[in-house]
Amino acid sequence: MNRPYVFCHMQVSLDGKIIGKFMDIPESKGSGEFFYNVAFGENAHYKHQGWLSGRTTTDDNFTHYKKPELDEQAPEVPAGDFVTEPTGNKYYISIDTSGKLG
């Protein structure tokens with residue numbers, strides 16, 4: 001059966017926080033590098049087609065808190081699902097319910 005396989009990777013502190021001073025210790029850096037190599041490295045274990053992050057993770061790692069540039073004259077987005085053509089080998093999805101991502 002060809003079904004999606006989902007895994008959750010989160011680097012958390014002992015008290016369950018996902019951001020904090022613990023990320024600056026050497027052990028944290030090592031675990032982050034390990035995950036990157038397993039997920040995205042040259043000989044990645046996971047053969048995933050995409051990944052999903054929340055707004056803060058996207059801002060921290062990709063958009064670096066840039067403000068969105070909105071075209072006020074753009075046509076309204078139609079209601080319903082958006083399904084892209086499968087042209088890429090990986091897709092990145094970010095959940096941003098506040099509309100803050102640049």
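The values are calculated or read from the model by the stated rules, or taken from the named source; none is laboratory data. Because the structure is a prediction, the values reported are computed rather than measured. Note that we place each Cβ from the backbone using ideal geometry, even for glycine, and neighbour counts take in every protein chain shown. The protein model used for the area step is the full one, side chains on, heavy atoms only, and it has no ligands, DNA or RNA in it. Shrake-Rupley method; radii C 1.70, N 1.55, O 1.52, S 1.80 Å.
May I ask you to give the percent of accessible area on the chain that is carbon plus sulfur, with a probe radius of 1.4 Å? Here it works out to 56 percent. If you count Lys pairs in the chain whose Cα atoms are under 23 Å apart, skipping same-chain pairs closer than 8 places in sequence, the total is 6.
The chymotrypsin sites (Phe, Trp or Tyr not before Pro) of region 34-66 meeting both criteria, a DSSP state outside H, G, I, E and B (loop) and at most 16 other C-beta atoms within 10 angstrom of the site's C-beta, are TYR46, TYR65. The modelled label-to-label distance between LYS100 and ALA39, using points 7 Å beyond Cα along the C-beta direction, is 2.1 nm. Computed with a 1.4 Å probe over protein heavy atoms only, the accessible surface of the chain comes to 93 Å² per residue. Whole-Hz Karplus values for region 64-76 come out as 6, 6, 5, 7, x, 9, 9, 8, 5, 9, 5, x, 5 Hz, taken residue by residue from phi with 6.51 cos²θ - 1.76 cosθ + 1.60 and θ = phi - 60°; glycine and proline positions read x.
Size of the chain: Rg and Dmax of its alpha carbons, in Å, are 17.0, 49.
Using only DSSP helix segments of four residues or longer, with each worth -39500 (n - 2.57), what per-residue ellipticity at 222 nm results for the chain after dividing by its residue count and rounding to 500? Per the formula, -5500 deg cm²/dmol. Considering the chain as a Gaussian network with a 10 Å cut-off on Cα pairs, which listed residue, GLY50, GLY80, GLY32, attains the greatest mean-square fluctuation? Of GLY50, GLY80, GLY32, the Gaussian network model singles out GLY80 as fluctuating most.
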